[in-house]
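These notes concern the structure reproduced below.
The values are calculated or read from the model by the stated rules, or taken from the named source; none is laboratory data. None of the values given here were measured: they were computed from a predicted structure. We place every Cβ from the backbone using ideal geometry, glycine too, and count neighbours over all the protein chains shown.
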Amino acid sequence: MSLAGALWLAFSTSIFLAAASAAKWWTLSPGFTKIALTLALYSAGNLIMLRLIREFGMGISFSLSAVIQLIAVNLVAFVFFGERIDPWQAVGVAAAIVAVALISFGPYISAR
């Protein structure tokens, strides 16, 4: 993964994280401005994903983005919104972390 690609991935993750937080904010207190912000952020994140798909391909781009978002959104949900998951869900999150490590570093490991 190139440095530029990693930066675009981090940028899209930040936008999707803001969108998820805005969605939670909307669920706590619905309003037109909040839902418009949520939709705008998700749209911006998806536009950035188009660039990532061009650079890395659809499978890798969406896999990395989904798992990184899974981790980031769970951290925000736990830390800022006080949400919890059960032990089986925790196992699923851990498996996803292993998956992103394999996707990211697999080509470097197998090349040796």
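For the reader, a short list of remarks on this structure follows.
- Considered as a group, the residues in segment 68-112 that are within 22 Å of Leu7 (Cβ to Cβ) and not aliphatic (A, V, I, L, M) include one that is nearest to the chain's Cα centre (by Cα), and that residue is Gln69.
- Looking only at segment 9-42, and only at residues there that are hydroxyl-bearing (Ser, Thr, Tyr) and part of a helix (DSSP H, G or I), the one that is surrounded by the fewest Cβ atoms within 10 Å (Cβ to Cβ): Thr33
- Number of residues in segment 56-74 that are over 13 Å from Thr13 (Cβ atoms) and loosely packed, with under 15 Cβ neighbours inside 10 Å: the value is 3.
- Residue match in segment 44-52 (condition: modelled with pLDDT of 90 or more, polar (S, T, N, Q), more than 21 Å from Tyr108 (Cα to Cα) and in a helix (DSSP H, G or I)): yes
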